[in-house]
1. What is the distance, in nm, between label points placed 7 Å from the Cα along the Cα-to-Cβ direction at B:Ala31 and at A:Glu108?
2. Rounded, prolate or oblate, given the Cα gyration tensor of the range A:32-83, with a/c below 1.5 counting as rounded?
3. Based on alpha-carbon atoms only, what is the radius of gyration of the range B:68-131 relative to the globular estimate 2.2 N^0.38 Å?
Amino acid sequence: MGRARVAVLIVALVACGAVLAQGAPDWARLAPAQRAVLEPLERDWPRMDAAQRQAWLTLVERFEQMTPQEQERARERMREWTELSPEERARARNQYRALRSMPPDQREGLSEQWERYQRLPPDERQRGASEARPR
Amino acid sequence: MNEMAFGLKVAEHLSASARAVDPTITRRLRAARVRAIELHVEAVPRSATARRRFSDRLARWGIRLGFAPALRSAALAAAMLVLFVLGGQWAEQVHVDAVQAVDAALLIDDLPIEAYLDPEFRAWVARELQS
């Protein structure tokens, strides 16, 4: 009876493992359309874990709904994004959520503000930021 | 007269006596029996009946599938394990979906990724909006 119980548990664990492993295909096993979208990531693909691969495959599904301009921009930024550390990605996501939660009229001006911000000398950027923080 | 013959004689006598009972009394006895059966059915709780029926059905399936009690408990443990793993996967998937939505938006956003990595930019924007 004990053996039967162990056998059933092993079968269940193997089944669960098989389900989890399905979400992380190797580069060679990707569909041609997926490889075409993720081409900038081919070099990094073997280093990615299952969760990262699955995240990029989900992006492929979103890719079809993007405009050609957005697709091009996404391709350009893919490598840049994979080269970031997990902490940097988390920081970028948090900053994105914070800036995008601003009212629409303020959000529209962000590109222009970024242009202005980049033209500022470093000390002035930091001074401006430190003045804003205490409030 | 042996015991069997004696029993048959008694049964014959009782049957003959029963036929001799007054029809009014027969009707009253019949009504009393029907009422007693109705009361007994009402006394058994419906949930208990359903529970017994369900457990009987489970037992029938168990017998039909040849499940031994130990194997049944192992199957239950395996089912719970699978549910636990699937539940964990589902929660993880919800989180991944939310993160992935932000990632996809970041990749196509008007602002470069650099803007979202610069910790001073957000504070500077806040100051600009205040002034």
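Every number here is computed from the coordinates shown, using simple stated rules; none is lab data. Here the structure is a predicted model, which means the values were calculated and not measured. Backbone-built Cβ (ideal geometry, glycine too); neighbour counts: all protein chains shown.
1. Reported label-point gap for B:Ala31 and A:Glu108 is 8.9 nm.
2. Taking the square roots of the gyration eigenvalues as a ≥ b ≥ c, the range A:32-83 is prolate.
3. Working: Rg = 23.3 Å, N = 64, 2.2 N^0.38 = 10.7 Å.
Output field value: 2.18.
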